[in-house]
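The values are calculated or read from the model by the stated rules, or taken from the named source; none is laboratory data. Just so you know, these numbers come straight off a predicted model, no measurement behind them. Cβ coordinates were reconstructed from backbone atoms using ideal geometry, including for glycine residues, and neighbour counts include every protein chain displayed.
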Amino acid sequence: MSQTPPIKRALFAILITLLFCALYTHAQTTAAPTQTGSQLRLPHMLSDHAVLQRDRPIHIWGWDAPGAAITVDFRRQHASTKADDLGGWSLYLTPESAGGPDTLSIHGSSNITLSDILVGDVWFASGQSNMEMPLRGFPGSAVVKDADKEIASASDPAVCGQMRLLVFDRKSNDYPLDDQPSSWTTCTSTTAAGFSAVAFFFGREIHQREHIPIGLIDSTWGGTPISSWISLSALASDASFMPVFAARARFANLQTFLAAQQAYEQRAVAAAKAANQPAPQFDWHPFQASWEPSFLFNGMIAPAVPYTIRGFLWYQGETDSNPTAFTPQLYSRLFPAMIRDWRARWNEGNLPFLYVQISNFYSPNEDWGTIRDAQRQTLSVANTAMAVSVDVGTRNNVHPPDKQTVAARLALGARDLVYGEHLEDSGPLPTSVTSTAGGEQAALRVWFSHADGLHAEGNTAHGFELAGADNQFHPADATIDDTTVLVHSTAVPHPTRVRYAWASFTDANLFNSAGLPASTFAWP
């Protein structure tokens, strides 16, 4: 067997060494455009145009050579630390008031200077497609109301001049990541068009009311279950969450024949088209890794945990309403568990958690009532607020276009919980149910909070149902009496249970004087 001459082996080794050096240098210089040198590195969230959280200790962190001395300069502050044995370093600046722009300088084995740094409020928005849906909509399937006008407004400095946007890439991972590839941008028509419409409208209203910089982080992935957004340790801490892993097992088993199934579906669609027939409908096949328990927490939540924020925005639940894939009844435990998990990770106390109750959509084989009621029950968790959206849903599109109303109701929660306006931020909520005897016809009286000016749009209240001892629900008549509703039905002479707005698509129409709709509920 012939051998490569020594001189050729040496030249080859030199070329390989030069190639790796070039690749390493390129990776270091492209990781952070404002960076000089080869060692000091910041997470991508700490970038030009970033918004740092006001009135809270400001966390700055990154990586350098082990033992490297690190100093950070911001405004009049100067703080120092050293990189640990693995090269990680972390320090906190004392709280700063809203304002900017400023520069942030980090000195270690090399130097980084970040420009256009603002101090204000940072809101972290997450969930599935109705939070993900950008201002430009989902082409071919869903649009945002007045999209062109709203996108154009984003370039007006008077409207969004001190708003900054950060969109996380979709990333699923089997262990928690310490970074993600996206950086902050200014708010322009171009950047806003691809940003969460709900988060954008929320941030714009808070920005214009509070006159402070607003940073918005969009970490969303459509069609994903809540279990993917919860850390594995949180899921493992509660034995009642075992159905999450059973659901994952069922889903995993389906992957065995997925390629053959998809090929079959493609042939069926092609055959229908050739025969000039309507295309057959098949079940949606989600991206496998996006349904793995904890995988979205690892890829899209964990990298943001070190970043100081003001609070959370959340819009999710449609996926968990599918009883063949998940256990909707478990949502009432999973959702509070996720809130506790995130708050514990951020370690900033009971951060405000504002969320949207899933809307109106005709989906008869899914359990939207159970999910909406679980979201209502989650209001028992401290420092939370819920935006009811049942009145802005659309029958045949799971992505209703009116994201402005949804965002405005989320902003009511922030204005009440966070910004001290002490205004009405909730629609009517049930507080108790009593039985009213009536000869052969009994009734149930539902008592409500947040019920000033309780009324039905269109005069007659719709959406109420009653059940007796057999637990079979029947449509019921409802009469508003001050801040209560008397519910009765000839089909249920001895009612023991009442529910409201339970159908996936409902004509429920109960509101208060603030124009906020009542929540779905079942009692008991």
**Study point:** Within region 47-84, considering residues that are out of contact with any Asp or Glu (no Cβ under 9 Å at 6 or more places or on another chain) and among the small types (Gly, Ala, Ser), the one surrounded by the fewest Cβ atoms within 10 Å (Cβ to Cβ)
**Key:** SER80
Exercise for review: Take the residues in region 150-199 that are assigned to a helix (DSSP H, G or I), of a type outside the set (A, V, I, L, M) and in contact with a strand residue (DSSP E or B) (Cβ under 9 Å, 6 or more places away or on another chain), then tell me which one is nearest to SER294 (Cα to Cα).
Suggested key: THR191
Point to revise | Pairs with Cβ under 8 Å, 6+ apart, first in region 342-363 and closer than 20 Å to ASN298 by Cβ and outside the structural domain of GLU318 (by TED's automatic domain parsing), second of a type outside the set (Gly, Ala, Ser) and at pLDDT 95 or above | key: none
**Study point:** Members of region 349-393 that are touching a Leu at 6+ places or on another chain (Cβ under 7 Å), within 18 Å of ASN509 (Cα to Cα) and among the small types (Gly, Ala, Ser)
**Key:** ALA387
Point to revise | Single residue of region 62-116 satisfying the filter (among the charged types (D, E, K, R) and without any contact (Cβ under 8 Å) to a residue 24 or more places away in the chain) that is farthest from ASP48 (Cα to Cα) | key: ASP85
Practice item. Considering each residue of region 305-341, count those that are of a type in the set (Ser, Thr, Tyr) and closer than 30 Å to LEU91 by Cα, and give that number. Key: 2
Practice item. Please find, among ILE301, ILE309, the residue that is touching a residue at least 60 places away in the same chain (Cβ under 8 Å), in a helix (DSSP H, G or I) and not polar (S, T, N, Q). Key: ILE301
Practice item. Kindly indicate whether any position in region 154-168 is in contact (Cβ under 8 Å) with a residue 40 or more places away in the chain and of a type in the set (Asp, Glu). Key: no
Point to revise | The one condition in (1) surrounded by 15 or more Cβ atoms within 10 Å (Cβ to Cβ); (2) closer than 21 Å to GLY127 by Cβ; (3) touching a residue at least 40 places away in the same chain (Cβ under 8 Å) that THR191 fails to fulfil | key: (3)
Revision key, fill the gap. Restricting region 105-145 to residues that are hydroxyl-bearing (Ser, Thr, Tyr) and at pLDDT 95 or above, the one nearest to the chain's Cα centre (by Cα) turns out to be SER126
**Study point:** Residue list for region 154-176, filter: modelled with pLDDT of 95 or more, buried (at least 16 other Cβ atoms within 10 Å of the Cβ) and either more than 28 Å from ASN360 (Cα to Cα) or among the aromatic types (Phe, Trp, Tyr) (or both)
**Key:** ALA154, GLN162, MET163, ARG164, LEU165, LEU166, PHE168, LYS171, SER172, ASN173, PRO176
Exercise for review: For residues that are farther than 22 Å from THR394 by Cβ and assigned to a strand (DSSP E or B), tally how many sit in region 497-524.
Suggested key: 6
Review point. Looking at (1) closer than 27 Å to ALA408 by Cα; (2) crowded, with 18+ Cβ neighbours inside 10 Å, can you tell me which one GLY223 breaks?
Key: (2)
